[in-house]
Structure formats: C-alpha cells, structure tokens
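The values are calculated or read from the model by the stated rules, or taken from the named source; none is laboratory data. Since the model is a prediction, treat every value here as computed from it, not as a measurement. The accessibility values were calculated without ligands, DNA or RNA, using every heavy atom of the protein model including side chains. Shrake-Rupley method; radii C 1.70, N 1.55, O 1.52, S 1.80 Å.
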Amino acid sequence: MPITTLNYDPTTSEGQAISRLFRASKSIEDSNGEWNGADIVVLVGDFFIRLGIDIDRGDYQVDPVPPQSVSPDADTDTVAELLAANEEFTTNGYPTGNEGFFYAEPDNDRFADYTLLTFPTAPAARVRAALSVLRAAGYTAAEQAPTTPEAARRTVRIDAGVLRAPPG
C-alpha cells in the first residue's frame with residue numbers, strides 16, 4: 001500500500017468533494033502544468049455553490065451556528081458573558097498556557113460605543129473560534145480592529161451589532 005500524505009479522509013463525503021475538486025482542477029490544467037486563474041475561480045465558485053454556500057453572502061454562513069437575526073448590545077458585560085458561556089473561553093484567572101483566557105475592556109472613546117476583547121495567550125485559530133461564537137450570538141463581521149501591530153491578531157473590537165475582526 002502506498003504511503004499517503006493526504007490530510008483529509010477521501011472516504012468521507014467531504015473528502016470525496018475535495019477529491020472531485022482536485023480532479024476537476026487537474027482536468028483544466030494547461031499542457032505546461034499550469035492552471036488558468038479564471039478557470040479555477042469559476043471552478044471553485046461552482047464547488048461552493050454545489051455545497052450550498054451562497055458565494056454572494058458573507059462568510060458567517062459557514063460558521064457552525066448561524067447568527068441570530070438581532071445583535072445583542074456591545075457593552076463589556078454582555079460581550080464577556082456571551083463568550084464566556086462557551087466552554088472554550090474564560091474570564092477567570094490567567095493560567096499559563098490558557099489559550100481561552102480573554103478580558104473585555106470598555107471603549108475609551110467618548111464618541112464611540114464598543115468593547116475590546118483581548119486574548120493575551122491565544123493563537124489566531126482561537127481568536128477565529130471566538131469570532132465564530134460571537135457571530136452566532138448575532139454580531140456581524142466587518143473590518144480589522146484598530147490595534148497595535150503586536151496585538152492585531154489577538155484583539156477584537158465589537159461595536160453595537162458589528163464585530164471588527166482581526167486579520168488572518
């Protein structure tokens with residue numbers, strides 16, 4: 001049996017979909033082995049559509065839990081309670097290596113109303129998980145939070161109804 005480097009299971013329905021996408025990509029490959037970008041864009045768009053993803057809607061539609069129709073307030077207590085209700089996240093303590101620890105700070109701008117969530121020990125993947133939880137609570141994703149470059153991937157700004165997501 002050949003050794004495989006695949007990082008997915010081709011026997012599952014999801015794995016079969018990935019395999020079909022790859023085969024379709026190879027079928028439109030140029031004779032020199034390159035892929036035409038325009039053809040690939042059409043192919044990937046069709047792939048998403050066949051999966052039931054509306055390519056004209058936001059990325060929230062692929063979150064595990066769809067967002068609520070009405071956003072909660074953006075005050076510090078509400079945001080912290082919503083996120084801490086998920087077992088992956090906590091506001092208690094700051095144990096070493098706890099990637100789920102976060103703290104919420106109110107805005108310091110008298111002309112704006114927002115809360116900043118900071119994840120001091122979280123990798124980008126954990127912050128993306130927090131974004132998913134907050135989207136499910138009803139906030140919508142928008143642009144990058146205005147933070148320092150050092151903290152850009154670990155800080156999330158939440159305005160009333162809007163979640164300003166960090167890059168990556």
Quiz item: Restricting attention to region 5-26, and to residues there that are polar (S, T, N, Q) and open to solvent by 90 Å² or more (accessible area, probe 1.4 Å), which single residue is farthest from G37 (Cα to Cα)?
Solution: T11
Practice problem: Output the residue which, of all residues in region 111-143 that are in a loop (DSSP other than H, G, I, E, B) and at pLDDT below 70, is nearest to T78 (Cα to Cα). | Solution: A112
